[in-house]
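A.B. asks: Before I ask anything, let me first share the structure, which is written out below as structure tokens.
Each value in this text was obtained by applying a stated rule to the coordinates, not by laboratory testing. Since the model is a prediction, treat every value here as computed from it, not as a measurement. Note that each Cβ is placed from the backbone with ideal geometry, even for glycine, and that neighbours are counted across all protein chains shown.
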Amino acid sequence: MLNQLIVFQLNSVETFTATIYCGFKEGYDGEEYAYSIGERVCQEYCDVFGMGLTIEPTTFIYKNGKEHGMRVGLINYPRFPKKPIEIKNIAIEIAHKLKEAYGQLRVSIVCSDDTYMIGDM
């Protein structure tokens, strides 16, 4: 039994993930906004488009500083499967909304295959 896959009702899809990384500090030295702003942005997106995300707080540590922020996770969920390009496009839309909400210069999106950045180089 240990060498066999136990299957009840098992659905699978091609694995694809996207994680958005967004800080809360406007620019580099501006006001640091609340987690709840990003939570609201994500909730509003999910309510309109009927999907689910994960969100979690994080801290970015960099030379001579740090900033609080959030990670937003998307997966290819077997109940509502999507093509990788669809997940990327959703992640880009949400990242853009978060960038605007927090006054960020850049927001990163790390996917299973590539990493993207919205904003100035």
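A.B. asks: Any idea which of (1) touching a residue at least 40 places away in the same chain (Cβ under 8 Å); (2) at negative phi is the one Gln9 doesn't satisfy?
C.D. replies: Condition not satisfied by Gln9: (1).
A.B. asks: Taking region 14-52 as the region of interest, how many residues are among the aromatic types (Phe, Trp, Tyr), farther than 14 Å from Arg106 by Cα and either within 17 Å of the chain's Cα centre (by Cα) or in a helix (DSSP H, G or I) (or both)?
C.D. replies: Residues that pass the stated criteria total 4.
A.B. asks: Please return the ranges of strands (runs of 3 or more DSSP E) entirely within region 53-121 where 2 or more residues are exposed (fewer than 14 other Cβ atoms within 10 Å of the Cβ) and out of contact with any Pro (no Cβ under 8 Å at 6 or more places or on another chain). Don't jump to the end; show me each part of the working.
C.D. replies: Working: elements: 54-62, 65-75, 106-111, 115-119.
Correct list: 54-62, 65-75, 115-119.
A.B. asks: Are there any pairs with C-beta distances below 6 angstrom linking a residue in region 28-55 that is closer than 20 Å to Glu67 by Cα to a residue that is surrounded by 12 or more Cβ atoms within 10 Å (Cβ to Cβ) and of a type in the set (Lys, Arg), with the two at least 6 apart or on different chains, and if so which?
C.D. replies: So the pair list comes out as Glu32/Lys25; Val41/Lys97.
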